Each structure stands twice: as C-alpha cells, then as structure tokens.
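Novice: Take a look at the following structure, please.
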Amino acid sequence: MPYVLILLGCIGLGLSCFGLLNPWMHRFDIFSVTWLSAHRLEILDPIALSLSTVGGLPATLMIIALWCIYQAWYKRYLNIAFICSGILGSASVGWALKYLIDRPRPDIQYQMVHVYGASFPSAHSIYAMALACLVMFIFYKHSYAKLIMSLACLWWLCMGFSRVYLGAHFPTDVLAGWSIGLIWIAILKIWISHSEFGKTKYF
C-alpha cells in the first residue's frame with residue numbers, strides 16, 4: 001500500500017511541477033481562482049475560513065501535541081515518533097520548496113485570508129494530507145477504520161478545496177501539497193516497517 005501511495009504522490013507532484021511551466025495549466029489555475037471567487041456562497045465562507053485557521057501550522061502542532069499525549073498515555077512511543085517526524089518532516093520539505101520555487105500567490109483581490117510565504121506548494125494541503133495519512137496508517141485496524149478513513153479523506157479534500165476557494169492558492173499548489181504529504185508519510189511507513197522498530201506492535 002505505501003508503494004502505491006508513493007507512486008500516486010509522484011504522479012501528482014510531477015503534474016503540479018509541470019503546471020508551473022505549462023501555459024495551459026497556468027491559465028487553468030488562474031481560471032479556477034477567479035471562477036471560485038466570483039461564485040462564493042455565504043454558507044461556505046465561514047467554513048472555508050475556519051479550515052484556514054484549523055489547518056494552519058500552529059493548530060496542526062496543537063493537534064499532534066494532544067495526539068502524542070494520548071499516545072504517550074498508552075506508551076506507544078513509536079507512534080509519537082511517527083507522528084512528529086511525519087508532520088515536521090513534510091512541513092520542512094514544503095517550506096524549503098516554497099523558498100526555492102518562490103511562486104507568487106493569486107492576486108490579492110481574490111484572497112479572503114492573510115497569507116505569507118510563497119504559493120507553491122500549499123502548506124495547509126501538506127499538513128492536511130500528512131495528518132490524514134498518519135491517521136489512516138495508525139488506525140487501519142480500528143473497529144471503526146472505514147469511518148475514520150472516510151473522515152480523513154474528507155479532511156484533506158476539504159482543506160485543499162478551501163485554499164483555492166479562499167484565493168490563497170492555485171489548484172497546482174494544492175496538488176503539490178497533497179503529493180508531498182502523501183510521499184513523505186508513505187516513505188516513513190516503509191522505513192518503519194523494514195526497521196527493527198517495525199517488529200514491535202506500535203499500531
């Protein structure tokens with residue numbers, strides 16, 4: 001399963017990087033942002049704004065801190081390492097790419113939220129996908145695994161859509177963010193599974 005996720009992530013990252021150079025995909029990016037900004041709904045605005053707050057790095061760190069405390073209570077220390085390295089590692093990769101690529105954000109007239117940093121990739125999308133993958137890998141044997149995985153998928157999908165809806169990112173930024181989170185967590189899962197740690201029952 002992790003190998004399939006890496007493949008999907010590489011395809012997504014390749015497409016998003018290609019979009020930086022392809023004029024047609026760039027026009028699609030701009031069209032998506034302008035169309036959504038012109039068709040915003042009052043019922044969706046507060047939801048998207050809330051996702052922007054909850055999906056940011058400070059809130060994500062708070063979520064994983066609480067999650068790690070819960071894992072520590074049950075002495076699942078490898079899970080804690082998996083969670084922390086998953087979020088912090090993927091975030092580091094994302095912010096390094098932001099600095100190196102330095103893609104401008106959508107025009108300020110479309111932005112509903114305050115933004116900082118470059119546009120590519122979407123950090124919110126990285127955090128959302130990384131968190132969702134961590135949840136799916138850790139709870140895949142849970143009695144409510146299907147429900148948990150469905151909610152995890154809904155989380156990263158809604159987060160990615162909200163970034164374009166709010167005018168903070170282009171679709172290719174979101175795709176790149178999803179892909180980075182997917183690849184990073186899948187690689188960590190493979191490393192753990194093939195290491196001495198993987199022989200322990202930490203899930």
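Just so you know, all these numbers are worked out from the coordinates, no wet-lab data involved. Treat the numbers as computed from the prediction; the structure is a model and nothing was measured. Don't worry about glycine lacking a Cβ; one is built from the backbone with ideal geometry, like all the others, and counts go over all protein chains shown.
Novice: Tell me, yes or no, whether segment 115-126 has at least one residue that is in contact with a helix residue (DSSP H, G or I) (Cβ under 6 Å, 6 or more places away or on another chain), in contact (Cβ under 8 Å) with a residue 60 or more places away in the chain and of a type in the set (Ser, Thr, Tyr).
Specialist: Within segment 115-126 (the criterion being in contact with a helix residue (DSSP H, G or I) (Cβ under 6 Å, 6 or more places away or on another chain), in contact (Cβ under 8 Å) with a residue 60 or more places away in the chain and of a type in the set (Ser, Thr, Tyr)), the answer is no, since none of the residues qualifies.
Novice: Go through (1) part of a helix (DSSP H, G or I); (2) out of contact with any helix residue (DSSP H, G or I) (no Cβ under 8 Å at 6 or more places or on another chain) one by one and return the number of the condition Leu41 breaks.
Specialist: Checking Leu41 against (1) part of a helix (DSSP H, G or I); (2) out of contact with any helix residue (DSSP H, G or I) (no Cβ under 8 Å at 6 or more places or on another chain), the one that fails is (1).
Novice: So which pairs qualify, if the first residue must be in segment 1-29 and among the acidic types (Asp, Glu), the second must be surrounded by 16 or more Cβ atoms within 10 Å (Cβ to Cβ) and in a helix (DSSP H, G or I), the Cβ gap must be under 6 Å, and the two must be at least 6 apart or on different chains?
Specialist: Partner pairs satisfying both residue conditions: Asp29/Pro171; Asp29/Thr172.
Novice: Name every residue in segment 89-119 that is farther than 24 Å from His39 by Cα, surrounded by 14 or more Cβ atoms within 10 Å (Cβ to Cβ) and of a type outside the set (D, E, K, R), in order of residue number.
Specialist: Correct list: Gly89, Ser90, Ala91, Val93, Gly94, Trp95, Leu97, Ile101, Ala118.
Novice: Among the candidates Trp191, Trp155, Trp178, Trp95, which residue alone is part of a helix (DSSP H, G or I), among the aromatic types (Phe, Trp, Tyr) and free of Cβ contacts under 8 Å to residues at least 12 places away in the same chain?
Specialist: Trp191
Novice: Quick one: Leu36 ticks every box in (1) more than 21 Å from Asp107 (Cα to Cα); (2) part of a helix (DSSP H, G or I) except a single one, so which number is it?
Specialist: Going through the list (1) more than 21 Å from Asp107 (Cα to Cα); (2) part of a helix (DSSP H, G or I), Leu36 breaks only (1).
Novice: So for segment 39-52 (the condition being closer than 21 Å to Met159 by Cβ and of a type in the set (Ser, Thr, Tyr)), does at least one residue qualify?
Specialist: Yes, that holds for at least one residue.
Novice: A further question follows. Regarding Ser50, is this residue in a helix (DSSP H, G or I), free of Cβ contacts under 8 Å to residues at least 40 places away in the same chain, of a type in the set (S, T, N, Q) and closer than 29 Å to Val164 by Cβ?
Specialist: yes
Novice: Identify all residues within segment 106-140 that are within 19 Å of Ser90 (Cα to Cα) and either in a loop (DSSP other than H, G, I, E, B) or touching a His at 6+ places or on another chain (Cβ under 6 Å) (or both); write none if there are none.
Specialist: Within segment 106-140, Tyr116, Gly117, Ala118, Ser119, Phe120, Pro121, Ser122 qualify.
Novice: Residues being among the small types (Gly, Ala, Ser) and assigned to a helix (DSSP H, G or I): count how many of those fall in segment 141-151.
Specialist: Total meeting the criteria: 2.
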